[in-house]
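The values are calculated or read from the model by the stated rules, or taken from the named source; none is laboratory data. What you are looking at is a predicted structure, and each value in this text was computed from that prediction instead of being measured. Because the Cβ atoms are built from the backbone with ideal geometry, glycine has one as well, and the counts that use them run over all protein chains shown. To get the accessible areas, we keep the full protein, side chains included, count just its heavy atoms, and leave off ligands, DNA and RNA. Shrake-Rupley method; radii C 1.70, N 1.55, O 1.52, S 1.80 Å.
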Amino acid sequence: MKKLILFIHSVFIIAILFSFIFKPSRLITYTESSYGLQTINLESGRTEIEMEDINDDGFKDILSIGDHGSPYVNSQEHGIMVWFGNGTGSNWSIYQMGNFGYGGIAVGDANNDGFKDVGYGIHHDYSSTDLGDQLLEVALGDGSGMNWTAWDDSLASQGETWGMFGTDFGDVNNDGLLDVGSISFGCCAGVHVYKNLGTGTWRQTFGFIGGNSTMEFYFGDFNKDGNLDFAVTHQYGTPYFGDGTGNFTLKHNNLPAPGNIGLKGVSIGDVDKDGADDLSFIGTSGSVQVWTWNESSLQWNNLSGNLPSSSSYSATVLYDMDMDGFKDIVLFGSGTCTVYGGNGGSTWTQIASFTTPPSGTYSDITVGDADNNGYPDIAILAKEGSWPSDINRLRFFKESSTVASLVVIPDYPIGAEKFKENSIRFIKWISAVPPGANPKVKLELSSTGITGPWILIADSLPNNGRYQWQVPGAINSTNCFIRYTLFIPDSASSVTSITPNAFTISGLVGLTNQTQTVNKFKLFQNYPNPFNPYTTIKYIAPLSSFINLRVYDINGREIKNLYTGEQSAGEYELIWDGKDFSGNDVASGIYFIKLKAVSSNSKEFIQVRKMMLLR
C-alpha cells in the first residue's frame, strides 16, 4: 500500500509538471510600458542593463551605469542607476548615486551579507571619490538599492588602463564567494577574472591585455563539469573553459572565426536540455547562430537550423519566453525585436515580433518577468535618431497575458546540471501572481529523489525569481531536486512545483559510509544560509582530535559553545537554534562558526565560516 501511495504521489507531481512546464508553444504579444524610463536623457554610447530585484521587495528593477564623461556629458545619467519597479511593469522611478560611467553591470551578493551588490566595468575612471575611480569595481549595497560602498581593492590592477565594459559575477573556484569577470571597452584592455578574497580585496586568477571586442562577458558551464566557464565577444575567441581554480582555457575550436572585433550579441543558455549551457551569437552577414558543446568530439555542434542566415540583428538572448520548457531566442537590431521559439533541437518557429522607433541601433537587451504574469518581459536600450542628435532610449515591453491563479515554474536548474559542493549558484523561477497578491517563496532540496525527504534551503523569500544559493557540502548525489513553493502569507493560497529532472551535487562523501577517504579537517558552510532560526553545521575530522566548535558575533564576542571534547575520526553534524549561552534568541545579523581541532599528533587546525541569521 505504501509503495502504491508513493507511485500515485509521483504520477501526480509529474502531471503537475507537464501541465505547467510543457505547455504547447503559442504566439506571444508585447505591449510597451516605458513610463518613467525616459525621465532623463541617456547618452548614445553603449551601456549594459540588467533586470534584478535590487531591494528585495519582490519586484524586478532595471539597473545600469551612468554616462560617458563622469558625469553629465550630453546627458543627465550618472553613477549606479536603478529604475525601481512596482510589480506592474510600468510607472518606473529612477535613483542614481555616483559620478561615473558608462559600461557593464552585474548583480549578486559579493560579501554574503544577504544584500545584493553590484560589479561594473566603466569607460573612464574620472570620479573623485572611491566609487568610480577604478575601471573595474564592486560596490556593496545595503538592501535599499540606493546606497553603495566601494569594495574593490586591487581590481583593475593588471594593465587595464582604459575602458572596461561587460561584467558578470560567478564563483569560479567553488569557494562560496562570488568572483568577478569583465571585458574591455573595444580595444585594448583585454579580459580579466578576479578572485574574491572575502575581505574587499581581489586577486586576478586569469586575464590578458590586448585585442578588440564587442564588450560582452557571461559566466556559464558549457561542458557540465560543475566548474564555471565564460563567453566573451573578443577577437581572440569566445568560450573559455574553467578548471575550478580560476584558470581558463580558450575552446573556440570549430566555431566561426571571431573576426577582428569578436562575435557579437553573445548569449548563453541550455537549449538542448542536457544540463550544459549553449552559445548564441550573430555571425557574418547577420546570421543567427546557436551552438552546443559536444564532450565526445570536443567540438561545437550547430543547432541554428532554420534561424535567419542573414539579418540586421545585433543581439541575442536565450530564454524560455513562452514557458513551454524549451529555450527560445530573442533577437534585436535596427528597430526590430523578434522571438523564435525553440524545441530543444535545431527547429525554430517565430512566435513574436515588434518594432521600436528608428534607428534602433543596439546598446543592450535583457529579459525578466517584471509584472509577475508568468511570462518574461523585454527591456531594450537602443540609440534612436541620427547623429549628432542621436540618443539612447530605454524601453520596456510587457508580455500581454493575464493571470487567473498562482503558478510557479522552475527555470534553473531544470535537470542534468552538475554543481560542486560549497559553490555559489543561482536558483531561478518564474511565477504567475494575480493582481494585488504579494506572495513569498520557499525553496527545499532533496538529494534522494523527487519524493524527498526535503531539506529547507530558504523560506519566506521575496518572489523575485532568483536566489543566490550556496550548494551544501557532504552531498554526493545524481538524484537532486529543488521544490518551489509559492504562497500568500496568512492564507491557504499556495502552489508547488519541482525541478523537472534530476541534477547532480558533487561533494565529499563522509567517513560514515566509507565511500571516500577524507584526509583533512573540513568545516562545511552552514545550511541553510541565511537561516531562521535553525541551521545545520557539518564538519569532518580525519583522525581522533580534541574539537572546539563555537559561534561568535561580528565583534568577536563568543555567543555559544556548540561542542568541546574528544571525538574520533568521522563526519559530524550539529544544529544551532539561534540562541546564546543563556538560551535567549540572538538578533538578526552576521555570525561566525569557528572550528578548532587539535589532533592526536598535536597539529592544530582552525577554520571559520560566516553565517547570516534573518529573523
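Key figures for this structure:
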| item | result |
| --- | --- |
| Per-selection Rg to Rh, segment 293-373 - Cα, Kirkwood hydrodynamic radius | 1.01 |
| Across the chain: Cys residues that no other cysteine approaches within a C-beta distance under 4.7 Å | 337, 480 |
| Carbon plus sulfur fraction of accessible area for segment 25-100, probe 1.4 Å, in percent | 48 |
| Gained length - residue 187 relative to residue 607, 0.36 nm times residue gap less alpha-carbon distance | 146.9 nm |
| Kirkwood estimate for the chain, i.e. one over the average of 1/r between Cα atoms, Å | 25.1 |
| Cα-centre dipole for the chain with unit charges at Cβ (Lys and Arg positive, Asp and Glu negative), debye to 20 | 1500 |
| Student exercise, segment 318-371 dipole from Lys, Arg, Asp, Glu Cβ charges, in Debye to nearest 20 | 240 |
| Accessible surface of segment 345-501 [probe 1.4 Å, protein heavy atoms]: carbon and sulfur percent | 50 |
| Value of [θ]222 nm, deg cm²/dmol, for the chain, DSSP H segments ≥ 4, -39500 (n - 2.57) each, nearest 500 | -1000 deg cm²/dmol |
| Dipole in debye (nearest 20) - segment 198-294, about Cα centre, beta carbon charges: Lys, Arg +1; Asp, Glu -1 | 320 |
| Long pairs among 116/251; 440/594; 224/428; 327/418, criterion Cα-Cα beyond 28 Å | 116/251; 440/594 |
| Degrees between helix 2-20 axis and first principal axis of the chain (Cα, 0 to 90, nearest 10) | 20 |
| Selected from 443, 404, 470, residue furthest toward positive end of dipole (segment 389-526; charges at beta carbon) | 470 |
| Solvent-accessible area per residue for the chain (1.4 angstrom probe, square angstrom) | 37 |
| Anisotropy class of segment 65-174 from Cα gyration tensor, a/c 1.5 cut | oblate |
| Segment 256-339 - percent of accessible surface contributed by carbon and sulfur, probe 1.4 Å | 49 |
